[in-house]
1. Out of curiosity, is residue 453 crowded, with 17+ Cβ neighbours inside 10 Å and at pLDDT 95 or above?
2. Given the conditions (1) β-branched (Val, Ile, Thr); (2) in contact with a helix residue (DSSP H, G or I) (Cβ under 8 Å, 6 or more places away or on another chain); (3) surrounded by 17 or more Cβ atoms within 10 Å (Cβ to Cβ); (4) over 30 Å from residue 606 (Cα atoms), and given that residue 487 satisfies all but one, which numbered condition is not satisfied?
3. From the residues in the stretch 244-303 that are assigned to a helix (DSSP H, G or I) and of a type in the set (Val, Ile, Thr), which one is surrounded by the fewest Cβ atoms within 10 Å (Cβ to Cβ)?
4. Out of everything in the stretch 158-173 that is buried (at least 20 other Cβ atoms within 10 Å of the Cβ) and farther than 19 Å from residue 106 by Cβ, what residue ends up being nearest to the chain's Cα centre (by Cα)?
5. Could you list all residues from the stretch 97-141 that are closer than 19 Å to residue 236 by Cβ, out of contact with any strand residue (DSSP E or B) (no Cβ under 6 Å at 6 or more places or on another chain) and of a type outside the set (A, V, I, L, M, F, W, C)?
6. Check 328, 359 and return the single one that is touching a Cys at 6+ places or on another chain (Cβ under 7 Å) and over 20 Å from residue 428 (Cβ atoms).
7. Anything in the stretch 600-628 that is over 24 Å from residue 449 (Cβ atoms) and in contact with a Ser or Thr (Cβ under 8 Å, 6 or more places away or on another chain)? List them, or say none.
8. Among the candidates 549, 499, which residue alone is out of contact with any Lys or Arg (no Cβ under 6 Å at 6 or more places or on another chain), surrounded by fewer than 19 Cβ atoms within 10 Å (Cβ to Cβ) and among the β-branched types (Val, Ile, Thr)?
Amino acid sequence: ALRALAVAALAAARPDPVDTGGAAAADPVAAAVAGVWTRLLGVPPDPDTDFLAAGGNSIAAMRLVAALRAELGRQVDTRAVFTQRTFGRLVERVAAAPSGGDGLRTGNPPTLSPPQRRLWFVDQLAPSSAPYNIAVAHRLRGPLDTGALGAALRAVAERHDVLRWRIPQTGGVPYAVCAEPTDVAVPVVDLTGNAEPEAELARMLAAGAAHPFDLATGPPWQVTVYRLGPAEHVLAATWHHAVFDGWSERVCYDDLATGYAHALTGEPPTLPELPARYADYAVWRAERDRLRGETDLAWWTAHLDGVPTVLDLPRDRPRPAVQTYAGAEAAVRLPADTDRAVRELAERRGTTVAAVLLAAFGELIARLTGGDDHVLGAIVADRRLAAFDDVIGFFIDTVPVRVRTGGASFAELVDRCAGELHEATAHPGAPLERVVEALGVGRDTARAPLVQVLFNVLNFAPPRLTLTGLTAEPVPVPKPGSPFDITVYVVQSDGRTGVEVVYNPDLFDAGRIDDLLADLAELVGALADAPDTPAREVAAALPRPTVRVPQLGAMTVAGSDPTGSPPALVPAGPHGLTETEELIAGIWREVLERDRVGVTDNFFDIGGHSLALAAVHARLTAATGRSIKMLDLFRHPTIRALAASLDGAADRPELARAALRAAARRSRTRRIPPRRPGGTA
């Protein structure tokens, strides 16, 4: 019976031809645009069909543009989709667009992308945390064939070699290697004899989601099956974000379903070769960044000139001196009338629901902080070529979005936010790390640099897992941590917009976050109903005091010295430097390629950055033969402070406190060209 079902499933999986309607048939450009439009949005367009009204969003626009580049070789971007809006005007824009190739070369060896290197570095700072894990689970009802499941999972890993990557390092420089295909372990945990199987399942799912992966040894993902009965199982999977993103989930489910159906028939579950792999993306991206990186970086530095680099929301506890990655969750669903008003306003302004909610969130933050200029992080998908559509991997960037709320009506604020999101997408050549470095943002062990609050729009339908002979139902899995103070997710569920947040409970109580979400839902409804009124005059009583007022003493950094007493320097040796200071100075000069460094210079003020710090860490560990936490190099960013820590002279905490105070000051201001107090080496 299962074999017959599998054969039927494979037949049903073959795509039907797309009906684009007769209107576009005579014009090859119109026919191509209509075909892609219909494939993505599900309905053939008329000349006056509006992209947004037809269900389009930023992800659909990116896929539309990528497909048109691949099929027609026309150089169009997503801005054209949102400015032209209707099918007829878009066809005219595509027809007039210049031709050009995509620059993609395939067959490249494993190559790390900038976002992968950033996640690798975070992993070095907090190796026992898992803020960048992606975990899912499905309850499967029916006869599960675990042998076929294992074979299908191996087929997925063979097709998507990034799942077999390892990220070791040499001298503090990470690189990628690919392991040969092997069977994928699928342990089966039997919970049928447990007194409280659902409670135990929830505990084990949470533990699996928080599993700390060793990127150097791999594998960067794991799968577990929990048996609840003869015909009831839960399939759980966890991936490290360095090899997986939200889009990858659909790709994985589709390939797993195909492989499972093949395995049930007794056939080898071989999947077709991909036109490109993740390494090809990394190489293509590197070339793109080389060609336009300096131009894009100049745009970012000008655009973010003078922006505050720290966003401190009212909280309930002092900020830990070293950032924790704890996570807790909360959610709100917009009332039906609010959801309708938001959608109607987005359509009138020619933008997306995401821009409306970003504007409302920006207004709420302005009221919470008393400032009108803030940086939020936004997530941008970087699958700009159609060849990457069906590739598992980490194809997203975090970009800084400047939200300025002063003196604007809500409609104007929506327009500003829509423009910000477009501009951020239009300047992909400078990754976040380069922007942070160019702005001179000081590193601080207590918080992420530049972006502490993230705004993430999940504007694609949640993928469905369909395995032959089984019904699959998603099982909630708690997110294992929060790499930011707060991450806001805009989601769509049953045709209604919702907002989910992951926040750090070491900073915020659950009650404050629940009230914040309630205030956001109320505020966005009021603003959408009065878009032409100055935003600050709308629902002026919001946010409520439980959100606006911090707990007494909470807006400090734990362990900081409120007296501001000067640091007590360690006495120098007869030549002005201790042996440890000499050692560190030599490593700094080598890594930073500088002839001289000051013993009280801050590493990040004289050209240091995250990956350079990793190189210092590797050399220092090798030279001393000691196990040194990379975090200690952040906490002691000068030669003198680090040497004191390594020599045991920093048992008195004044040096660490001074470094933290300096880091906090630097993160609040633009970089000032460093002077060189003290000695040089």
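The values are calculated or read from the model by the stated rules, or taken from the named source; none is laboratory data. Computed from a prediction, not measured in an experiment: that's the story for all the values here. Don't worry about glycine lacking a Cβ; one is built from the backbone with ideal geometry, like all the others, and counts go over all protein chains shown.
1. Yes, satisfied.
2. Condition not satisfied by residue 487: (2).
3. So the residue we want is 295.
4. Per the criteria, the residue is 167.
5. First pass over the stretch 97-141, keeping only residues closer than 19 Å to residue 236 by Cβ: 130-141.
If we keep only those that are out of contact with any strand residue (DSSP E or B) (no Cβ under 6 Å at 6 or more places or on another chain) too, we end up with 130-132.
Scanning the stretch 97-141 gives 131, 132.
6. Numbers: 328 fails: touching a Cys at 6+ places or on another chain (Cβ under 7 Å).
When all the criteria are applied, what remains is 359.
7. Within the stretch 600-628, 627 is the sole residue that qualifies.
8. None of the other options fit; the residue is 549.
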